[in-house]
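Read through the structure below, which is laid out as structure tokens, and then see the notes.
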Amino acid sequence: MKKLNRFFLIGSTLLVFILPGCNQFEDINTNPDATTTVSASLLCTNVILRTTRFGSEAKSYISQNALPKYIGYANEGQMDAQYNRIGSSSFGAMTILPNIEQMVAAAKGGVLEDSYKGVAKFARAYMFYYLTMEMGDIPYSESGLGETGVFKPKYDTQEEVLKGILDELKEADQYFANGRTFTGDPTPYAGNPDKWRRATNSFALKILMTLSKKEGVASLNVKNRFAEIVAGGYLLEANTGYFGLNYSTQNKHPLSGTSNLFTSRTIISSLLMDNLKKLNDRRLFYYADPAASKISAGKSQSDTAAYVGVDVSIDYAEMNAGHSASKYSLLNKRYLTEAACEPRMLLTYGEQQLILAEARLRGWITSGNAEDFYKQGVKASLAVVMATKSTYAHGKAIDQNYIDNYFTGEAAFKTTLDDQLKQIWMQRYILSFMQDAEYSYFEYRRNKYPEFPINPATSLNENNVNGIPMRWLYPNSETDYNRENLIIALDRQYGGYDEINKIMWLLK
């Protein structure tokens, strides 16, 4: 007993010395060498990657390119997107909001505060833009307010959302104007605030062109906003580089290493193929492989006659049989074998110049020449592909001489307004192949060009077999957790009915 009491006394004495220095149990277990707070730089990396990175799921990547009719695929049955069925979207992208707030909080008071605030505004605008373009009215002004007790955010109108997005991009422009080079940027811009400022304004122009049907809406002030941004002079330049990500062995292209039964049966559409042929456009040879049956029949891989696209609206069994007979051109193998077959490019100088060409034709800007903008955009887009390994070009590599002499025949700038607009839209469609394919779908909704093939006999769009879906459905989770606000939004927009053929405000 005396021995036990002695140990108790020693233990009690030790506790007397230990406990005063420990306010909580966690203090005892804190590693003095570990970081207990996350820096703005680390948070910034996550925010930007969440904005720019597609992910690694190959099937989703193929599906996104099937919706705007770039490709078809011959495996596992009909792909919904190829045959005009789309389902629910998701508000999961909004989970980026706490990270954005934490990044700004971590940067507060520091010399890089303005730069990180610029990233925050840009990332918010980018995320909300794609959500409203998919569904229509969305939670915006009350999103991310869970800590303040707002668990059921109201849905803002699409007009309000788009105005807010454009205002946030204007704020981002000023933050970057006052910013300094910052760390944590995984894009090729490497934290250069001048390049981020230019990309911010280029993105604003892209959004404003999406709003061409609403150029008369006073709250959006589309034409004047567009003109003011152009007059400001801070746009992407030929040497700015693209906004996006470089793929590498550490960050592989989503299709890299997936040459399996699924991705190896991805077929180029006749819509894309035929338009490339009309333009004598060598991007054909970088996008596709020749049809094996044509090579067996004696055609050269550098002969456009060896390339055959598929009508993506034909019956699946017929397409599958054609594939089995090696009738069609498949996706160029570089996408399946190269870790970095091409970068992920979300905002480019080439597309920006094509947008300026359309704006000039519409009278939104008075400076510059539409044909010059058109040529600048196409040349820049061709130069991007020229940087791809020529070993995948099937003997038809793009070089500077080809680019300089591109504008002949169908590629020469047309003489009528309607034809000129269609040329511009087609070039934007071509450059977005295997890139921002969802935006090509948005452009189709705006312009109905290029004309997507529609076959009522094969369409999975049950309520409109003669049409392309116009939107995604709201997330199923909203019915369970935010039903009251969802119903208000549906009543306001779509007669109370959440359906893929309903027309959102933007398109009316």
What FRET efficiency comes out for the pair S219/K414, r = Cβ-Cβ distance, R0 = 41 Å, nearest 0.05?
-> 0.75
Starting from the stretch 173-209, pick out the trypsin sites (Lys or Arg not before Pro) whose DSSP state is loop and whose Cβ has at most 16 other Cβ atoms within 10 Å.
-> R180
Of K69/K333; K117/K223; K278/K375; K333/K375, which ones are farther than 22 Å apart at the Cα?
-> K117/K223; K333/K375
When the C-alpha atoms of the stretch 328-469 are aligned to their principal axes, what extent does each axis show, in angstrom, from largest down?
-> 49, 46, 28
Angle between the chain longest axis and helix 222-232 axis [Cα atoms, degrees, rounded to 10] = 80 degrees
Write out the trypsin sites (Lys or Arg not before Pro) in the stretch 296-333 meeting two conditions: DSSP loop, and at most 14 other Cβ atoms within 10 Å of their Cβ.
-> K333
Mind checking the angle between helix 2-18 and the chain's longest principal axis? C-alpha axes, 0 to 90 degrees, to the nearest 10.
-> 60 degrees
Residues of type aspartates and glutamates that K379 reaches as a straight line, Cα spacing below 14 Å, ignoring anything fewer than 8 places off in the same chain | E237, D281, E351, E371, D399, D404
Low-density loop cleavage sites - chymotrypsin sites (Phe, Trp or Tyr not before Pro) in the stretch 124-182, where at most 12 other Cβ are within 10 Å (DSSP) | F151
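Contour minus end-to-end for S300 and A105, with contour as 0.36 nm per residue of separation and end-to-end as the Cα-Cα distance?
Result: 64.2 nm gained on full extension.
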Can you work out D for the stretch 227-267 in µm² s⁻¹ from Stokes-Einstein, where Rh is the Kirkwood radius over C-alpha pairs, the temperature is 37 °C and the viscosity is 0.692 mPa s?
-> 234 µm²/s
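I'd like to know how the stretch 314-375 sits against the 2.2 N^0.38 Å rule of thumb: what's its Cα Rg over that expected value?
For the stretch 314-375, the normalised Cα radius of gyration comes out at 1.88.
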Rank T249, I267, A306 by how far each Cα sits towards the positive end of the charge dipole of the stretch 237-333 (+1 on Lys, Arg Cβ; -1 on Asp, Glu Cβ) and give me just the farthest.
-> T249
Segment A238-E160, extension gain: residue separation times 0.36 nm, minus the distance between their alpha carbons = 24.7 nm
Centre separation in Å (Cα based) which lies between the stretch 43-108 and the stretch 164-198 = 22 Å
Amide H to amide H, which residues 5 or more places from S269 or on other chains are under 5 Å from it, using H placed in the peptide plane?
-> I71, G72, V310
Student exercise, the chain dipole from Lys, Arg, Asp, Glu Cβ charges, in Debye to nearest 20 | 720 debye
To two decimal places, what compactness ratio does the stretch 441-508 give when its Cα radius of gyration is scaled by 2.2 N^0.38 Å?
-> 1.27
When the Kirkwood hydrodynamic radius is evaluated over all pairs of different C-alpha atoms of the stretch 193-259, what value in angstrom, to one decimal, is obtained?
-> 14.3 Å
Which of I314, I424 comes first, and how do the rest follow, when ranked by fewest Cβ neighbours within 10 Å?
-> I314, I424
In whole Å, largest first, the alpha carbons of the stretch 289-404 cover along the principal axes 54, 33, 28
How long is the chain along each principal axis, judged by its Cα atoms, biggest number first, in Å?
-> 101, 55, 50
Cross-link partners of K299 among aspartates and glutamates (Cα-Cα below 14 Å; sequence separation of 8 or more within a chain) | D289
Chain lengthening between N369 and A231 when straightened (0.36 nm per residue, less Cα-Cα) = 48.2 nm
Förster radius 22 Å - calculated FRET efficiency between R483 and T95 (Cβ-Cβ, nearest 0.05) = 0.60
Based on DSSP H runs of at least 4 residues, each adding -39500 (n - 2.57), what is the mean residue ellipticity at 222 nm of the chain after dividing by all its residues, to the nearest 500 deg cm²/dmol?
-> -14500 deg cm²/dmol
Can you tell me the FRET efficiency between K277 and R85 if r is taken as the Cβ-Cβ distance and R0 is 30 Å, rounded to the nearest 0.05?
-> 0.50
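Just so you know, all these numbers are worked out from the coordinates, no wet-lab data involved. Only a predicted model underlies this, so the values are computations on that prediction, with no experimental measurement involved. A quick note on method: Cβ atoms are made from the backbone with ideal geometry, for glycine too, and the neighbour counts reach across all protein chains shown.
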